[in-house]
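Enquirer: Before anything else, here's the structure in question.
No value in this document is a laboratory result; all are computed from the given coordinates. Here the structure is a predicted model, which is why all the values come from computation and not from measurement. A quick note on method: Cβ atoms are made from the backbone with ideal geometry, for glycine too, and the neighbour counts reach across all protein chains shown.
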Amino acid sequence: MLQNPHIPPNAFSKICPSRDVLARLGQKWTILAMVALRDKPLRFVEIRRRIQGVSDRMLTQTLRAMERDGLVQRKVYDERLPRVEYTLSVLARSALPILVELKKWAECSLESIEASMQRFDSNIDL
């Protein structure tokens, strides 16, 4: 919640709650979960299959935090074998184009970033 609604949000300010939003998006699995959910609602196991390497515990924590922040909606179907699906909210969909491009940028820039890391690391060893 904003400390003072008359002051516009400014992520550079230490008291601005928008920092929490940026921190959530910066967490390891959040962007991948959002991109995984871009086409259709998915069940937990389907999301886990798409995001290789995420543990059940971390995916659960990520989805719960995203639900709390209004980024995903969790729907429980009342069936003989309970079924739960996750869907991106309208709010999350508004950020999706930026996040998809960020994912693409990371994939396309990987070689350059790895080369920079190697150069940096080789200079430290001297």
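Enquirer: Which of the residues that make up the stretch 55-69 are outside any helix (DSSP H, G or I) and among the polar types (S, T, N, Q)? It would help to see each step written out before you state the result.
Expert: Initially, the stretch 55-69 is screened for residues outside any helix (DSSP H, G or I), giving 55, 69.
Correct list: Ser55 only.
Enquirer: Here are Arg57, Arg64, Arg48: which of them is surrounded by 15 or more Cβ atoms within 10 Å (Cβ to Cβ) and without any contact (Cβ under 8 Å) to a residue 12 or more places away in the chain?
Expert: Among Arg57, Arg64, Arg48, only Arg48 is surrounded by 15 or more Cβ atoms within 10 Å (Cβ to Cβ) and without any contact (Cβ under 8 Å) to a residue 12 or more places away in the chain.
Enquirer: Do we have Arg74 as in contact with a Phe, Trp or Tyr (Cβ under 9 Å, 6 or more places away or on another chain) and free of Cβ contacts under 8 Å to residues at least 40 places away in the same chain here?
Expert: Taking the combined requirement at face value, the residue satisfies it.
Enquirer: Evaluate the following for Arg57: is it among the basic types (Lys, Arg) and closer than 21 Å to Leu99 by Cβ?
Expert: For Arg57, the condition - among the basic types (Lys, Arg) and closer than 21 Å to Leu99 by Cβ - is not met.
Enquirer: Within the stretch 16-38, identify whether any single residue is over 25 Å from Glu107 (Cβ atoms) and either of a type in the set (A, V, I, L, M, F, W, C) or touching a residue at least 12 places away in the same chain (Cβ under 8 Å) (or both), and answer yes or no.
Expert: Yes, that holds for at least one residue.
Enquirer: Taking the condition of being in a helix (DSSP H, G or I) and either polar (S, T, N, Q) or surrounded by 12 or more Cβ atoms within 10 Å (Cβ to Cβ) (or both), how many residues in the stretch 23-45 meet it?
Expert: Here the count works out to 10.
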